[in-house]
1. Given the criterion assigned to a strand (DSSP E or B) and either in contact with a Leu (Cβ under 6 Å, 6 or more places away or on another chain) or in contact (Cβ under 8 Å) with a residue 12 or more places away in the chain (or both), identify the matching residue among 250, 223, 211.
2. What number of residues in the range 152-173 are touching a strand residue (DSSP E or B) at 6+ places or on another chain (Cβ under 6 Å) and closer than 17 Å to residue 204 by Cα?
3. Is there a residue being surrounded by fewer than 19 Cβ atoms within 10 Å (Cβ to Cβ), in contact (Cβ under 8 Å) with a residue 40 or more places away in the chain and either of a type outside the set (Ser, Thr, Tyr) or farther than 21 Å from residue 203 by Cβ (or both) anywhere in the range 87-104?
4. Kindly provide the set of residues from the range 142-166 that are touching a helix residue (DSSP H, G or I) at 6+ places or on another chain (Cβ under 8 Å) and closer than 14 Å to residue 75 by Cα, ordered by number.
5. May I ask you to say which residue of 264, 238 is surrounded by 12 or more Cβ atoms within 10 Å (Cβ to Cβ) and part of a helix (DSSP H, G or I)?
6. Pick from the range 107-152 the residues that are out of contact with any Gly (no Cβ under 8 Å at 6 or more places or on another chain), of a type in the set (S, T, N, Q) and in a helix (DSSP H, G or I): which of them is farthest from residue 220 (Cα to Cα)?
Amino acid sequence: MKDDSRKHPFRDSQQDVKAVRDIPDTPQTRAPAYRLAFTDHEFMCREELRPVRLQLELLKPQLVMDERGIESTIVLFGGARIPEPAKKDTARTETLAELTKYYAEAQTFARLMTERSMTSYGRQNVIVTGGGPGVMEAGNRGAAEAGGQSIGLNIVLPHEQAPNEYVTPDLCFNFHYFAIRKMHFLMRAAAICIFPGGFGTLDEMFESLTLIQTGRMNRIPFLLFGKEFWERIINWDALAEAGTISPEDLQLFKFVETAEEAVAAIDAWDTSPCA
């Protein structure tokens, strides 16, 4: 992040951070109480500091993306377990092997949208993914192939994980709080694209749909790649027939199969509220 010119006469915090490294080593200076509060890891991780950590996790990516001039994003959600077509034989199941075609579609879609983004100097319609493998990797990979930037919103998980190699390094974030990560997915969203996936993808899809359905978020293009997959695992019509959702809610999203179809759907999308 850039350093803004100082707007006050007080000593800069970074100067004190450096100065503290040169203080005499005594029992007093080694004591936890003596540490500067904002550099004290144990203090910052205390239970009582959760509100501060939530604020910092919201603020850091916000500042970085603002400084990069990013105005809008295209969100890609999808399964981490879907390999690229060239590695189809490594898929855990036959179904995952068949779903590798959506890795390719995500890659192509991200490339097409990034080529468009570059006409606005990379400020609009920037691809954002969860930064991991599978469909997420495909999205960042397509953006990199187009020569553009893309965002990765990673999350710390119990098992070892590293960001995929195609995320723009300066836009590769890591989160502790799922809720704050979700906010950053949607705060700049100009379109949401859902590819086949598991619990995480379903969670992200339904939370986003609920925000739009309840009017807590503006209606934006909402595309589900793979009609056969989605209609197999979710009986959308049954929800409407049962009255648990309104028939009009089924207009909040559209099924697509290819990257080109998705681009056309975004261009033609009616963002006015459903009747």
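The values are calculated or read from the model by the stated rules, or taken from the named source; none is laboratory data. Note that this is a predicted model, so its numbers are computed, not measured. Here the Cβ positions follow ideal geometry from the backbone for every residue, glycine too, while neighbour counts run over all protein chains shown.
1. 223
2. 4
3. Taking every residue of the range 87-104 in turn, none turns out to be surrounded by fewer than 19 Cβ atoms within 10 Å (Cβ to Cβ), in contact (Cβ under 8 Å) with a residue 40 or more places away in the chain and either of a type outside the set (Ser, Thr, Tyr) or farther than 21 Å from residue 203 by Cβ (or both).
4. Passing the criteria: 142, 143, 149, 150, 151, 152, 153.
5. Among 264, 238, only 264 is surrounded by 12 or more Cβ atoms within 10 Å (Cβ to Cβ) and part of a helix (DSSP H, G or I).
6. It comes out as 119.
Rundown of residues vs (1) out of contact with any helix residue (DSSP H, G or I) (no Cβ under 8 Å at 6 or more places or on another chain); (2) polar (S, T, N, Q); (3) not assigned by TED's automatic domain parsing to the domain that holds residue 219, yes/no style:
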{"position": "32", "(1), (2), (3)": "no, no, yes"}
{"position": "51", "(1), (2), (3)": "yes, no, yes"}
{"position": "55", "(1), (2), (3)": "yes, yes, yes"}
{"position": "58", "(1), (2), (3)": "no, no, yes"}
{"position": "65", "(1), (2), (3)": "no, no, yes"}
{"position": "79", "(1), (2), (3)": "no, no, no"}
{"position": "83", "(1), (2), (3)": "no, no, no"}
{"position": "108", "(1), (2), (3)": "no, yes, no"}
